[in-house]
1. Just to verify a number: what accessible area does T617 come out at with the full protein assembly present, 1.4 Å probe, Å² rounded to tens?
2. Would you compute, from DSSP H runs of 4+ residues alone, the mean residue ellipticity of the chain at 222 nm, taking -39500 (n - 2.57) per run and dividing by the full residue count, rounded to the nearest 500?
3. Express in nm, to one decimal, how much length is gained between A437 and F181 on full extension, taking 0.36 nm for each residue of separation and deducting their alpha carbon distance.
4. Heavy atoms only, 1.4 Å probe, whole protein assembly: order F275, F651 by accessible area, highest first.
5. Give me the percent relative contact order of the chain, please, defined on Cα pairs under 8 angstrom at least 6 residues apart.
6. Could you give the length gained on full extension between E257 and K84, defined as 0.36 nm per residue of separation minus the Cα-Cα distance, in nm?
7. Starting from the Cα of R522, step 7 Å along the direction of its Cβ; do the same at S631; then give the gap between the two resulting points in nm.
8. So, taking all protein chains as they sit and a 1.4 Å probe, how much accessible area belongs to K519, in Å² rounded to tens?
Amino acid sequence: MYYGADYNPEQWPESVWPEDIVRMREAGVNMVTLGVFAWSRIQPDEDTFDFEWLDRIIELLHDAGIAVDLATATASPPPWATAKYPEILPADENGAAYWPGSRQHYSPSSPAYRRLASRLVTRLVERYAKHPAVVMWHVNNEYGCHLPQDFSDSARDAFRKWLRERYESVDALNEAWGTWFWSQRYTSFEEIYPPRRAPYSHNPCQLLDFRRFTSDAMLDCFRMEKSIIRAAGATQPVTTNFMGPFKPANYWQWASELDVISDDCYPDPNDPESFRTSAFARDLMRSLKPDTPWVLMEQSTSALNWRPSNAPKAPGQMAALSIQAVARGADGVMFFQWRQSRAGAEKFHSAMLPHAGTGTRTWSEVVQLGADLGSLPQLPAGAMDARVAIVVDWENWWAVENPDHPVEFDYLAQVQRWYGVFHRQNIQVDFVHPSAALDHYQLVVAPHLYLLRSADAANLAGFVDDGGHLLVTAFSDVVDENDQFRPGGYLTQLGSVLGVALEDFGALVPPGSSGPGRKSARVRFEEEAFNGTYFAEQIQTAGAEVLARFTSGYNEGAPALTRNHAGAGQAWYLATVPDSSGLGLLIGQVLDAAGVKPVLSNLPESVEAIQRGNVLTVINHDDVPAAIDMSGTDLLAGEAVDKVHLGPFGFAFIAGHAGPPNYSAAS
Ligand code: GLA
């Protein structure tokens, strides 16, 4: 179990370093991420490298038994680099440069940036590849953060090259992009630009391809650094820090290139529900590389600096959120950063060692958490045994949020709502790509799978055929991988397994917007009713039974929720986006049918329960104490219990809980 933080010793006089080391040991720190933003310190000008300070701090850490996750420092080019090679700078949609003076001001496509970054990494790994203190390599930092897309000339050139590789001929590109529309026919790749500012809507496949290209361009930078690390003979695991569900980078594609997944996660202490979004991020990280523990690479000990209001964490909250990561598959709990900065934009950002010193609540909680993590039982990797999977696909995310659709909605927010219903009920969930092996799951939920490749559709249909329960929601199976309609209407691939046909999307005015028009459609579901939002699709059954109907609007009396028995399984289709009461009702029924159960029931709203192997972790995310009836061995107290008392933000690890399993045979 790693415990530590980003460590930026270059911000401090060397006389402070020995105290840092003493305090790290006091806190139980066993790994630090070193040098994330140290490029200008390591390479003060193009021809000078200064590693001596880095040698000294690495030796100090090593002598103290503290391991190093060595950063490659490539995320913030020094002023000399951008002054000499201004083509490094990225540009916005208008072609205007993002200037130096902050960080992350580089175009991932810039040959000059790549050349300078590879030289830096080469020198760094030559020196430290075999250093016994270095246990991990931390490539760059948060790829895509601050600058989700770069529209510079470097990006233009690289985009053209990328398109040439993807399509081989401009005719193939014209076909994929549907360029007879609006006279967009290209005669050469040289005529193509990134989707820079234009009078009106861009070609949707151009937007989609530019998203693909952007993710690939950043991934190429990662690959470039990783290959330099490997070429130097370094054998340590290589990571780069992810940012939870981050739209610009297709993490499914990235995950296979990382040896260890690591994540930065900053739930807002002002939001009492933020522990659910952090749970979402943790489950996503675990799902990206199942069976391999991931590392919580950054979180805050308390307040941040970058929200309009930066509340401190409540007493105990830092530990509760850290334990949540461990329970959901992390084998490392790290912070940004070790010692609070004295200068710079992040000087109000909390740290393990606060500016106000060691007499603080933060410091005592840091020391306590270090001790708790040090005494934790070894939890088995990847043993969460989730029986529910939610389909997440970055390409779909990009396409479904393209403009000019029946109604705008936030894909991630909807996926998080589905996750939230399961989380509230302590149902364990994995995330999957639509092409993933699904045989372990009893229920697969595919929210708004607008872009659906044929092979993935066949995979989902096969899952039902083999006895699984599949729930597909509105605005799914609409386009192919080029964001084009398929011949034959909508639901052309899943229609037969769902037993429905789709005629119209029935767009509603998004909830919360002020314009005229219908915001919801009433739906009758058994003895209850709920509101459907965003879509009130016009569907007809083609074999499916109707479980709920619209009771208002143009399609009054038409099906809103259907179920089809197909092969050995069942396929459900939901023609709207239910409000929260509707979500609860519906999921209750789907879970019953699929035979999926919570790991623990009847818990207070603020308590979550997670099963990893034979250990149940219960965490209270509120300042009101909670008591839970459950028996087993409390692993931290080392005693048998038949009731677990959780203080404010308290947690417990209970082994051998004799409860029912979290699934049974599906009905
Ligand atoms: C990100 C960065 C860190 C720091 C934190 C502040 O996660 O990686 O360098 O800026 O945000 O919250």
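1. 0
2. Numbers: 17 runs with 199 residues, N = 667.
It comes out at -9000 deg cm²/dmol, rounded to the nearest 500.
3. Values: separation 256, 0.36 × 256 = 92.16 nm, distance 3.82 nm.
The A437-F181 span can extend by a further 88.3 nm.
4. These residues rank, largest area first, as F651, F275.
5. Working: 1400 pairs, mean separation 66.1, N = 667.
With pairs under 8 Å counted, the relative contact order is 10 percent.
6. Working: separation 173, 0.36 × 173 = 62.28 nm, distance 3.24 nm.
Additional length available on full extension: 59.0 nm.
7. The two pseudo-label positions are separated by 5.0 nm.
8. 70
The values are calculated or read from the model by the stated rules, or taken from the named source; none is laboratory data. Everything quoted here is computed from the prediction, not taken from an experiment. Glycine also receives a Cβ, built like all others from the backbone with ideal geometry; neighbour counts cover every protein chain displayed. Areas reflect the complete protein model, heavy atoms only, side chains present, ligands, DNA and RNA absent. Shrake-Rupley method; radii C 1.70, N 1.55, O 1.52, S 1.80 Å.
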